[in-house]
Amino acid sequence: MEEIRPDENTKPLTWKQYLVIASLLFGLFFGAGNLIFPVHLGQLAGAKWLAATAGFLVTAVLLPLLAVLAISVSHAKGIYDIGRPLGRKFALAFMVLIHLTLGPLFATPRTASISFSVGLQPVLPAKLAQPCLLVFSAIFFILAFIISYQETTILDSVGRVLNPIFLLLLFVVFLLAAAKPMGAAHQQTVTAAYHNMAFFNGFLQGYNTMDALAGLAFGYTIVSAVKQLGKTSAKSNAKVTASAGVIATGAIGLIYIALIWLGATTLKHFKPSAEGGTAFNQIVTYYLGDFGHALLATLVTLTCLTTAVGLLAAFAQDFHRSFSKISYHTWLAIMTFASFVTANFGLDTIIAWSTPMLMFLYPIAIVLIVLSIAKTAFAGDPVVYFWAIGLTMIPALLDMLASFPPVISQSPWAHFIKELQVRLLPLAAIGLDWVIPAAVGIAAGLLVHFYRKRPKQ
C-alpha cells in the first residue's frame with residue numbers, strides 16, 4: 001500500500017485535464033467487444049428492453065467506475081492489494097483467476113473471435129468457417145505478439161485515429177436507426193426469462209463485459225494518471241477519478257442504451273443471434289450496405305487488435321512481477337499461444353464457458369469493491385473481509401456450477417445441487433443468491449469488529 005500524502009497540485013484541474021482522464025477511462029472500458037453484448041441483450045429483452053437496460057447499466061457502467069474508485073481510495077496498486085486483507089494466498093489466487101479470465105481463457109481470445117464473427121464469418125460458407133478462423137486467429141495473434149514484444153507505442157497512435165472513426169460510424173448508424181427504425185422496440189417479442197426478471201437478467205448480462213474486473217486489473221493506470229496531474233491524496237484523487245468517470249461512463253452508458261434499443265428493433269427483420277456479433281453486423285449492413293460491413297470489419301479488427309496488445313502486455317507484465325523467474329517475453333509467448341488456441345473454439349463456446357467463471361468472480365469482486373471503498377469505516381479489519389467473502393463464496397461457487405454448459409450443469413449430481421440451492425437460498429433461481437449471504441457476512445464482520453473495539457470495563 002502507498003503512503004498517504006497531500007496533493008502536489010492544490011489548484012483545480014481544467015476541463016481539458018478532466019477530459020484526458022475521461023478518455024483514458026473510456027478507452028479502458030469500451031472496446032469492440034462491448035458492442036455485441038448490449039445488442040444481444042436487446043434481442044433477448046425485446047419489449048422489456050428498458051428494464052433490462054437498467055440492470056445492465058449497474059454492472060456494465062456503475063460497477064466498473066466503483067472498481068477504479070476502490071483502487072484509488074484504498075491506495076491499492078491492483079487486484080493483489082484489493083484481496084490482500086484476506087491473506088497473500090487469497091490475493092494471489094484472486095489475481096491469477098482474474099488475469100486468466102481477462103487473459104488467455106476468455107477476454108483476449110474473444111478479441112480475435114469477435115473480429116472474425118463480425119468481419120469474415122458472415123461472407124464465408126459455413127464449411128470454411130473453422131479453417132478460416134484458424135488462419136485468421138494465427139495472423140491476428142502473430143501481429144499482436146510482435147507489437148507487444150517490441151513494446152512499441154504505434155497502436156496508441158493508431159487508436160487515437162481509430163476510436164473517433166469507430167464512434168463516428170456508430171453515431172451514423174444510430175442516426176439512421178432513429179430516423180428509420182427497423183421496428184418499434186416496445187412491441188417486440190420478449191424471451192421467457194425476461195418477462196418478469198428483465199432487470200435481474202440485464203444485471204447478469206453486464207458480467208459479460210468483464211469491465212468491473214478490468215477496472216480492478218487496470219484501474220491503477222487511471223489512478224497514476226490522476227497522480228501525474230498532482231492529485232496525490234486519496235480524497236482528491238478519488239474526487240477527480242469520480243468526476244472524470246461520470247463523463248466517461250455517462251458516454252458509455254448512452255452508447256449501451258442506444259445499442260440495446262437497436263437490438264430490440266431488429267427482431268422484426270432478424271432472428272435473435274446466439275451472440276451479438278452477427279446481429280451487429282446485420283444492423284450495419286442493413287443501414288450502410290456492403291461498404292458499411294467492410295468498414296465495420298476493418299475497424300473492429302484493428303480495434304480488437306489494439307485491445308489484444310494491451311491485454312497481452314498487461315498479463316505478461318503482471319505475471320512477470322509476481323513470478324519473476326519467468327521473463328516478460330516468455331509470459332508473453334505463453335499468453336499469446338494460449339489465447340490463439342482458445343480463440344479457435346469460436347465465440348459461442350468462449351461465451352458459454354466464460355459465464356461460469358464470471359458467475360463466481362463477479363460476486364467476490366463486487367463485495368471486495370464495496371469493502372475497499374468503505375474500509376475506513378472499519379479500519380480495513382480483515383475479520384470483516386473474512387466474514388463477507390466467506391459467505392459470498394459459497395453461493396458464488398454454486399452459481400458457477402449451475403451456469404456451466406449442459407455437459408456439466410445437466411448431470412444428475414448438478415441437478416441435485418441446483419434443486420437444493422434453489423430450495424435453501426433466496427434469489428438462487430436468478431443467479432443472485434449471493435446477495436443476502438454477502439450482506440449477512442458484512443454485518444457479522446462489522447459486529448465482530450466493533451465488539452473487539454468496545455471499551456474495556
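The values are calculated or read from the model by the stated rules, or taken from the named source; none is laboratory data. This is a predicted model, so every value here is computed, not measured. Glycine also receives a Cβ, built like all others from the backbone with ideal geometry; neighbour counts cover every protein chain displayed.
Structure data summary
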| read-out | value |
| --- | --- |
| Unmet criterion (only one of (1) surrounded by fewer than 23 Cβ atoms within 10 Å (Cβ to Cβ); (2) in contact with a helix residue (DSSP H, G or I) (Cβ under 6 Å, 6 or more places away or on another chain); (3) closer than 24 Å to LEU133 by Cβ; (4) hydroxyl-bearing (Ser, Thr, Tyr)) for THR303 | (1) |
| Those helices (runs of 4 or more DSSP H) lying entirely in the stretch 24-91 with at least 3 residues crowded, with 24+ Cβ neighbours inside 10 Å and small (Gly, Ala, Ser) | 63-73 |
| Check on PHE166, modelled with pLDDT of 90 or more and part of a helix (DSSP H, G or I) | no |
| Qualifying residue in the stretch 56-65 (condition: touching a residue at least 12 places away in the same chain (Cβ under 8 Å), of a type in the set (A, V, I, L, M, F, W, C) and over 30 Å from THR189 (Cα atoms)) | yes |
| Residue tally, condition over 17 Å from THR209 (Cβ atoms) and either at pLDDT 85 or above or outside any loop (DSSP other than H, G, I, E, B) (or both), over the stretch 231-259 | 13 |
| Cross-chain or 6+ apart pairs with Cβ under 6 Å, the stretch 189-214 first and crowded, with 24+ Cβ neighbours inside 10 Å, then charged (D, E, K, R) | ALA198/LYS48 |
| Restricting the stretch 436-449 to residues that are hydrophobic (A, V, I, L, M, F, W, C) and free of Cβ contacts under 8 Å to residues at least 60 places away in the same chain, the residue that is farthest from PHE200 (Cα to Cα) | LEU447 |
| Selection status of VAL118, at pLDDT below 90 and out of contact with any Lys or Arg (no Cβ under 9 Å at 6 or more places or on another chain) | yes |
| Answer residue from the stretch 398-442, given it is more than 20 Å from ILE351 (Cα to Cα) and β-branched (Val, Ile, Thr) and is surrounded by the most Cβ atoms within 10 Å (Cβ to Cβ) among those | ILE442 |
| Members of the stretch 367-380 found to be of a type outside the set (Gly, Ala, Ser) and surrounded by fewer than 20 Cβ atoms within 10 Å (Cβ to Cβ), listed by number | VAL370, ILE373, LYS375, THR376, PHE378 |
